[in-house]
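Note sheet for the following structure.
Readers should treat all values here as calculations from the given coordinates under stated rules, not as data from a laboratory. As the structure is a prediction and not an experimental result, all values here were calculated from the model. For neighbour counting, all protein chains shown are included, and Cβ atoms are generated from backbone atoms with ideal geometry for every residue, glycine included.
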Amino acid sequence: MPVVVDIDVMMARRKMSVGELAARIGITPTNLAVLKNGRAKAVRFTTLDALCAVLECQPGDLLRWEPDEVDAGRG
């Protein structure tokens with residue numbers, strides 16, 4: 001999938017565990033792990049807002065797009 005999730009990078013910079021972040025944004029650690037590991041199909045804006053507020057970052061610090069093989073050949 002060309003959308004890469006970098007939540008773990010921001011968590012490491014803030015020295016925050018999955019459990020602590022999940023509690024602070026109001027989701028389960030399991031759901032945060034699904035999002036963090038790039039297995040989520042979608043993210044709610046309210047969750048993204050909470051992540052940015054707690055991690056003190058911008059959405060672009062958490063999500064980035066990288067073209068995959070198919071997308072790279074479209075240019």
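For the stretch 18-45, a residue qualifies if it is of a type in the set (Ser, Thr, Tyr) and surrounded by 11 or more Cβ atoms within 10 Å (Cβ to Cβ), and exactly one does: THR28.
Of all the criteria given as (1) in contact (Cβ under 8 Å) with a residue 24 or more places away in the chain; (2) loosely packed, with under 13 Cβ neighbours inside 10 Å; (3) assigned to a loop (DSSP other than H, G, I, E, B), the one not satisfied by CYS57 is (2).
Scan the stretch 29-42 for residues that are part of a loop (DSSP other than H, G, I, E, B) and touching a helix residue (DSSP H, G or I) at 6+ places or on another chain (Cβ under 6 Å) and the total you get is 1.
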